[in-house]
Structure formats: C-alpha cells, structure tokens
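Presented below is the structure to which this report refers.
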Amino acid sequence: MITSQEQLQSVASEYKKKTAAFDAVIKICCGTGCVSSGALSVYEGLTAGLRGEGLADKVLVKKTGCHGLCERGPIVVFGQDEILYQSVGKRNIDADVASLIATVKEKKVAEQLLYKGEEKGKRYVSPYEIPFYSGQTRVVLSLNGALDPENIEEYIAEGGYGSLHKALHMSPTEIIDSIEKSGLRGRGGGGFLTGYKWRSCRQAQGNPKYVLANGDEGDPGAFMDRSLMEGNPHAILEGMAIGAFAIGSGQGYIYVRDEYPLAVHRLSLAIEKAREYGFLGKNIMGTGFDYDIDIFRGGGAFVCGESTALISSIEGKAGEPRSKYTHTVDKGLWDKPTNLNNVETWANVPHIIDKGWEWFQSTGSPRSKGTKVFSLVGKVKNTGLIEVPMGITLKEIIYDLGGGIQGDKKFKAVQTGGPSGGCIPEVYLDMPVDFDSLTKLGSMMGSGGMIVMDERSCMVDVARYFLNFLVQESCGKCTPCREGVRRMHEIVDRICRGDGCRGDVEHLEELGKAIQLSSLCGLGQSAPNPVLSTIRFFKEEYIAHIEEKRCPAGICKDLIKMQILPDLCTGCMRCAGECPVGCIEGEKKGVHVIDQSRCTKCGACYDACRFGAVKIE
Amino acid sequence: MIEFKLNGRDAQGNQGETILDAARREGIDIPTLCHNEILGSDGRCRLCMVEVQKGNRRRTVASCLYQIEKGMEVFTETPDIHAIRRALLELFLARNPASDVVRHLAERYGVKESRYGKDNDKGKCVLCSQCVRTCETIVGVTALGLSGKGPAKKVATPFDEPSEACIGCGACAAICPTGHIYMEDKKGIRTIWKKQFDLAKCPVCGRYHAPVMQLEFISEKSGTPLDELLTCQDCR
Ligand SMILES: Cc1cc2nc3c(=O)[nH]c(=O)nc-3n(C[C@H](O)[C@H](O)[C@H](O)COP(=O)(O)O)c2cc1C
Ligand code: SF4
Ligand code: SF4
Ligand code: SF4
Ligand code: SF4
Ligand code: FES
Ligand code: FES
C-alpha cells in the first residue's frame, strides 16, 4: 500500500526510469473507434515486426485511449507527440507496419500516413501543428491518448493519485471550498454547481452516504464519456475518492451502460489496481479513510441517465424517474444522501486539487469555468472528440477545429445538447459556448454532443428525427411526455409529408410549452426543444412545408421531385451508376431521364452529378 | 402550523402536507387522476400542476407531491396552469375516447374535442397506476405492474399471462377510477386478468361471495380458520 507522497514519487520515478531505457515509444490508439477500424491488427503487426527486427525490448508500444480523430483512425503517435500517423493499416497493413518500423529505425517519416491539411499538399507531422489539436485546451483529455489505461504505473508516473494524497491531508471543508470556488459545474447536462452539491450532501442527515458517477451517456452518437472511461479510468476513480472523502461517503458506484464493454473492462481493471495500491478500499493511503467503488451495468435506456431513474435502476427497480422535490443529496440511493456527478465532472476534480481553484477559474467564461469535452460530428471536415475552454465561439469550433463544412457547402445550423437540445442558426455563430448562452438560445450544453448541419438539412425533418428518438425513449410514466411528445411527432411528420395545416405551428408551440412545464423529469421537460428551437429560427421552413407544400432543403420525399435538366446533362452516366433502384435511363453522351414512378428520391443522383444537372424541385 | 398563501389568500397547513391536500381542505378545486387519498401519488397524470413562488423563483410543480412550505405562494388558476390542464385533457381524450371519467373532466375544464387521432388500443386506462399500487401496498401480493415504455406502457400481469400471485380479490378493479379493468362473476367463477377463480359458496345462504383463493390468502395472513371465512359475512 502506498501511504505517502514519497512512495508515489518513487513509483513514478522507477517507472520513468524503466521507460527511459527504451529507444522509442509508440502509442497506438485502441479506443473503440480505432479498434473497429483495425487498431489491434496494427498493434499485433507492429509488435511482431519489432520482434522480427530484434527491437522488441528497445521500443515501448502502448495501447492508449482515444486521441479524438476517430474518423481518421487507427491513429499512431510517436514519442511525446512528435509524429502523428492516421488511417494506419487501413489500405495496406503490411506496408504501413513496415513504415512504422522504418520510422523507428531510420527516423524516416512516412509521408503517406501523415495528416493532410486543407491547403494542397500540406502535411502535418506533429499533432501540435494540426489545427484540430492546436485549437484545443486539453485538461480532462490531457492524458487520453498518452497513457496505457490498463497500467496504473503510467498514471502515477504522470502525477496520478497525488491529488488524492493531497486531499486526504486537507479538511473536507477545505476541499469543498476549493471545488466551489473553482466554479466547476456539472458536465452531465444541467450545469449544476458541483461544490454546492457536495456541500449539501455533506450536510445532509443520514448514513451511509453514496458518491456515484454517471457514465450512462445515453445521447446517440456521443462518445465523450466513453472515451474518458476507456482512456483514463483512474482520473475518474481519483476524483470520486476525493469527493467521497470530502462528502463523507464509504461506498460508490459507477453506472456504465452495457453497450460499453471496453469501458467496463478498463474501469474494472483500474478499480482492482487502485485497491491493490491502497487508493480504494479500507484505510486509503494509510489515513484511515475507507471508500470503495463498484461498477453497475445499466440496461441502456436513455432515461436511465437521469439521476433518479439511475438510482432506481441501481436499486433494482424499473428505470422510471421520481419527482425531485426531495433532493437526491438528501434522499437518494436507498433513501440515503447521495451525490451523483458525471464522469467528466469527476475527472476534473484531481486537476483542481492539484493546480488549485484559481488555476481552474482562470479558464472559461464568467459563469462557466474550465474546459468542456465535445463530440463534434455531422458535416464538418474534422469530426472527433475535442476539449475546448468554455466561452470559445461556435465559429471557432466549427471552422478552426472542425475545418469548416464538408464539400464547402453552406453552414445551416448546429445542434447542441443531444436529442433534446436545440438547433442554432448561423447568426449566432459568434456566440460563446457555455451553459447560459446555449440555454438562452433555446438549446443546451447537454453532455456535449455537437452536430453540424449544412444547407442540405431540412430543419423540419431534423425536428422529426429527434422527436422520433424521444418518443422511443420516453419512459411513459407521465402523461405530457408519453402522450404529448408522440403527438408532436405526429404533427411534424404530417408536415414533412405535405399534410400540414394552418395552425400546426401554433399548436406545436402551445403543446410544446405545456409539455415543458408539466413533465416529471428532464427528458419530457426538454423534449420539445428540437421543435421549438427550429420553429424559433427556421419558421419559414415550416411555413414552406405547410402552405406551399415545398421542402426548401430538398429532403422531405413527399414534397420533392428529382429532375435531370437536359441542357446541363452531359450523359456521363454517373447518376445512373449511383442510382440504387436503377431508374435512370439514357445513352452514353445522351440526355438522361428519371423514371419518376420508381424514383425513391434518395438524392444519390444529385450528389453524384458533377454538372449540376440534377435538380431537386 | 405552516402559513402560506393560496391564490392570494392566507392559508394554513400541517408540516409534511401536500399542496393538494391543503388546497382541497381550503375548498380549492384541483383536478387529479392518479392521486388517491390512501395510496398517495407518484406524480404520473400531471393534471394537478400548480405554480409555486418562493422569493423570486416561480415554477410549476405537481401539487400532489409538493409539500407546503412556510411563506410560499401557490397559484392554481394561472394562464400556464389552464394551458397545461387543457393540453393534458386533450391528450387524454385522444388516448381514452371511451372513458366517461376523462370526458367529464375534459368538459369541466372546457375541452370539447381532441385534435388528435383517437387511440383504440388503450381502453379506458389512464395509467394512473392506482391498481398496481393497491395490489402491492393494500392487498400485498404484487400481481400487477407497469410494463413497456413510452406510448406502449401499460398495466399488466407479468408477460401478460394469468398471474400466479393474483388472488382474484378485485381490489384493483374497485379502485380503478375509469372502470378499465374487466372483472366478471358468473356461475360461481370470477374472471379477472385472464385468470379464473372459483367463488366460495356460502354454506348457509348459498350465495357466491368471494374467491376461494382470496379467502385462503386471508386465512393464512390473519390466522382465521378457512372454514369460518367460507361462510359469507352476512351469515357469519
Ligand atoms: C433524460 C436525461 C438523460 C440524462 N443522461 C445523462 C447521461 O447519460 N450522463 C450524465 O452524466 N448525465 C445525464 N443526465 C443528467 C443527470 O440527470 C445528472 O444531472 C448528472 O449526471 C449530474 O451530474 P453533474 O452535476 O456532474 O452534471 C441526464 C438527464 C436527463 C434528464
Ligand atoms: S418526462 Fe418522460 S421520461 Fe420523464 S418521467 Fe415523464 S414520461 Fe418518463
Ligand atoms: S433520387 Fe435516388 S432513386 Fe431517384 S433517380 Fe436519383 S438516385 Fe435514383
Ligand atoms: S385482483 Fe389480483 S391483481 Fe387485482 S388487486 Fe387483487 S390480487 Fe392484485
Ligand atoms: S387500469 Fe385503472 S387503475 Fe390501473 S392504471 Fe389504468 S386507469 Fe389506473
Ligand atoms: S478511438 Fe482512436 S482516435 Fe478516437
Ligand atoms: S394527481 Fe398529481 S400527478 Fe396525478
């Protein structure tokens, strides 16, 4: 068991000595994204190749967590981020592995594996030069991609568990004061002040107390929390142990959805190791403080991320939310005082204890401090996982980090806050991204999903898409959410199909407001957001659908017709080749014609034609 | 005694009392569907929403669960509350077109028609869960539950099969505010929740009075000999 700062340091320096003996370090991303694009084969190919070259003990090859550029994975990084290779092994694994070995042996940089920039021919060597990375401020993700998450010594070598040791020699009130003064707000969506929550839970009557982590991450397409749990599980455990000490808890749970087996695996391993080293369990670091953590695997309903449903689910009951008129800090798990925070919130804690609340407070916007992890997806050039200071503008995220809109199309809106968030139009691109400004725009921070949409997105159709998700995910406990959201979906669906009536927009606004005001939990209270925010900023699109039976973006199938303009058609046959139903006829070099009766309006011909000859009416 | 304000007037209530209970005592009308005086509530129907103001903070809450606090102001008839009631009743009308209870309530609050397509698969059930709670907390057998989620949520026995636990007591049918639960006594047999129960025939008057299984259950719970219970209450 480690009981002192000196012992921590000695583990760290021993480990550093051990790694310094290697000639080179190679970090292979083994996050879920890269694993699914073949990272494990790259790892095996590389280690076998190194053995063949007799370099096996000269080169340290690490499997790390997500680096953020998942779409360009598998990602391989050399040394202290000197070189970044992308799409390694995607086309030719043997050749790429040979390039990796050549990079080690001859310091030869493999041009073809480097990240390509926007400007013609520009290649970036170090990740620090790539705008996607250089525009970020990585705190929570600082060690994601650097560490082997299955090796606790690596975490300790980076100063890990030093904050826990420090905190255990502070008073609980001092710790809570620091967290409160830092301004940290919960990263799970609501933006609740973390220090305030901890204090209320510490002061709550009742024993035992529970300190929980929310790793449910129900938002479709979001992977911030998963990446963190997979890439740096010890940071979450360390944060929880600090919080538990401050609050006075002896037992905790991490709630992880069942669809995240790798996160469960890495967290379990981390818990086991942390117990071995004396960071969890009885008499932590010899201070007499006891706290242990177990993993609870959730069934994966979106609503189970909601705090009271999550608690019911741990208790073995149906995942239905409860009314929050008694706070969970007073009566939570098994009716005992309970403090729940999102995993990203927990991962911020060791940094605050280590570097001080003043440091944390110095980043961010006036009422939203620190950094936030986002998953940036949709029609941007660089999709991936990013961490940026709060208060950065949407424009900076989308254009500087994201590299702008794919195919240089026109930006239309960005959807933030997950399925029940809202869509923000172009005029607000200069808005700072923080809890309060997003809420002001009728959207929200949520857990950090960000979906960029271009001119080829119909906002009514987007609203319909999110509503459909919410109808599926409503738990059905309360009337407004169960009955109301499905009726909103019916109306929006009708509008998309060309059967909208005058008055529908007002009806949606009126029903949406009633649902917001009367639903029992956050799901229903925010479910109308996708509709209300698109009505607010894109009302003319609703009107076009309802009154002119026209879909301006050319998406709603019942309202459009694909047509090939004879004057522009060159007879290149591309469209006919792409059409999945084979309904385009025409000779080579002759004008092509669409058989309207069979056309499914999928848009493939529109995207395929290089001469703009396909017109959507 | 806790002093607070109700629609602008001074009002009083006891510690731990809900807004709904206090308001009803004061003669204020608040509609409910899922609340029951004995069973309490778990906040499902949302018809009982009211507005609460504390300091500068004003919000809508379910009056059947929210406890009164000193100095708070409660408003039960604001434009937002009316809009919520009307929206919910319109939704209920579409869900339960056959329910008189729903229709009467809707009429009382000025909702005549529903703009939505009518459901024909939900019967009269408003998902108030009173049957489930009765079976669990009053009868003590937990034969019913809420299954499914979202619009597919319904009350049912496990897997929709005749429940092993059900004793045919009919308490769920008696409590149901809408008359949704089907129960029939015919030729000495009671049918409820797809299960059939033999009714006990009183040896004195010859009347069928209660399911044998229910009497066995009571006998076991109370220690009263079964023979005694088989005789109906009138002849005992
Ligand atoms: C429908 C719904 C889903 C939610 N899903 C999550 C989730 O997946 N992860 C999460 O951390 N918080 C989620 N939340 C927020 C939690 O209820 C809770 O506020 C949060 O975990 C508290 O942690 P924080 O204070 O650190 O943000 C959800 C809330 C709602 C209403
Ligand atoms: S708002 Fe929706 S998810 Fe929340 S309790 Fe009501 S029905 Fe369930
Ligand atoms: S829209 Fe799709 S189905 Fe219709 S012609 Fe074009 S490619 Fe074919
Ligand atoms: S009849 Fe069956 S389901 Fe109904 S309350 Fe009695 S035991 Fe429960
Ligand atoms: S069957 Fe009756 S008591 Fe049971 S939930 Fe439905 S309406 Fe309520
Ligand atoms: S999983 Fe490899 S970069 Fe995200
Ligand atoms: S009576 Fe309060 S929610 Fe139903």
| task | Please verify whether region A:47-64 includes one or more residues that are in contact with a strand residue (DSSP E or B) (Cβ under 7 Å, 6 or more places away or on another chain) and among the small types (G, A, S). | result | no
| What tally of residues in region A:296-306 results from selecting those that are within 13 Å of chain B (Cβ to nearest Cβ), surrounded by fewer than 23 Cβ atoms within 10 Å (Cβ to Cβ) and either of a type in the set (A, V, I, L, M, F, W, C) or without any contact (Cβ under 8 Å) to a residue 24 or more places away in the chain (or both)? | 1
| request: Filter region A:307-325 down to residues that are over 26 Å from B:R59 (Cβ atoms) and of a type outside the set (S, T, N, Q) and give me whichever is least open to solvent (accessible area, probe 1.4 Å). | output: A:I314
| task | Would you tally the residues in region A:383-406 being among the polar types (S, T, N, Q) and crowded, with 22+ Cβ neighbours inside 10 Å? | result | 1
| request: Answer yes or no as to whether A:V109 is of a type in the set (V, I, T), part of a loop (DSSP other than H, G, I, E, B) and farther than 29 Å from A:A222 by Cα. | output: yes
| remark: For strands (runs of 3 or more DSSP E) lying entirely in region A:336-455, having 2 or more residues that are within 29 Å of A:H489 (Cα to Cα) picks out A:371-378, A:411-416, A:422-425, A:449-454
| message | I need the full set of residues from region A:482-502 which are in contact (Cβ under 8 Å) with a residue 24 or more places away in the chain, open to solvent by 10 Å² or more (accessible area, probe 1.4 Å) and part of a helix (DSSP H, G or I), in order please. | response | A:H489, A:D493
| message | Going by what's in this entry, would A:L438 be described as buried (at least 24 other Cβ atoms within 10 Å of the Cβ) and modelled with pLDDT of 95 or more? | response | no
| note | Result of the Cβ filter at 9 Å on region A:202-217, keeping first residues that are closer than 11 Å to A:N339 by Cβ and partners that are open to solvent by 10 Å² or more (accessible area, probe 1.4 Å) and among the acidic types (D, E), at least 6 apart or interchain, is A:A204/A:D330
| message | Please count how many residues of region A:444-471 are open to solvent by 10 Å² or more (accessible area, probe 1.4 Å), within 14 Å of chain B (Cβ to nearest Cβ) and within 30 Å of A:I392 (Cα to Cα). | response | 1
| message | With the requirement that a residue be within 13 Å of chain B (Cβ to nearest Cβ) and of a type outside the set (S, T, N, Q), what does region A:308-323 give you? | response | A:A309, A:K317, A:A318, A:G319, A:E320, A:P321, A:R322
| request: Give the residues of region B:42-64 that are over 17 Å from B:K5 (Cα atoms) and either surrounded by fewer than 24 Cβ atoms within 10 Å (Cβ to Cβ) or within 9 Å of chain A (Cβ to nearest Cβ) (or both), sorted by residue number. | output: B:D42, B:G43, B:R44, B:C45, B:R46, B:L47
| field | Within region A:551-590, tally of residues that are crowded, with 16+ Cβ neighbours inside 10 Å and among the β-branched types (V, I, T) | value | 4
| request: Considering only region A:324-349, state which residues are within 14 Å of another protein chain (Cβ to nearest Cβ) and either charged (D, E, K, R) or touching a residue at least 60 places away in the same chain (Cβ under 8 Å) (or both). | output: A:K324, A:H327, A:D330, A:K331
| field | Index of the failed condition, A:M431 passing every other in (1) more than 16 Å from A:K539 (Cα to Cα); (2) at pLDDT below 95; (3) surrounded by 22 or more Cβ atoms within 10 Å (Cβ to Cβ); (4) away from ligand 6 (no atom under 16 Å from the Cβ) | value | (3)
| What is the number of the single condition among (1) in contact with a Phe, Trp or Tyr (Cβ under 8 Å, 6 or more places away or on another chain); (2) open to solvent by 50 Å² or more (accessible area, probe 1.4 Å); (3) part of a loop (DSSP other than H, G, I, E, B) that B:R86 does not meet? | (3)
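So that you can scan it fast, the table gives a plain yes or no per residue for (1) acidic (D, E); (2) within 11 Å of chain B (Cβ to nearest Cβ):
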| position | (1), (2) |
| --- | --- |
| A:E473 | yes, yes |
| A:R482 | no, yes |
| A:H489 | no, yes |
| A:V492 | no, no |
| A:G498 | no, no |
| A:C501 | no, yes |
| A:E506 | yes, no |
| A:L511 | no, yes |
| A:I515 | no, yes |
| query | So, in region A:521-542, of the ones that are within 14 Å of another protein chain (Cβ to nearest Cβ) and under 13 Å from A:G484 (Cα atoms), which residue ends up nearest to ligand 6 (Cβ to nearest atom)? | reply | A:L523
| message | Looking only at region B:138-186, filter to residues that are of a type outside the set (A, V, I, L, M, F, W, C) and within 13 Å of the chain's Cα centre (by Cα); which one of those is nearest to ligand 3 (Cβ to nearest atom)? | response | B:H180
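The values are calculated or read from the model by the stated rules, or taken from the named source; none is laboratory data. Every value quoted in this text rests on a predicted model; they were computed, and no experiment measured them. Note that we place each Cβ from the backbone using ideal geometry, even for glycine, and neighbour counts take in every protein chain shown. Only protein heavy atoms, including side chains, enter the accessible area calculation; ligands, DNA and RNA are left aside. Shrake-Rupley method; radii C 1.70, N 1.55, O 1.52, S 1.80 Å.
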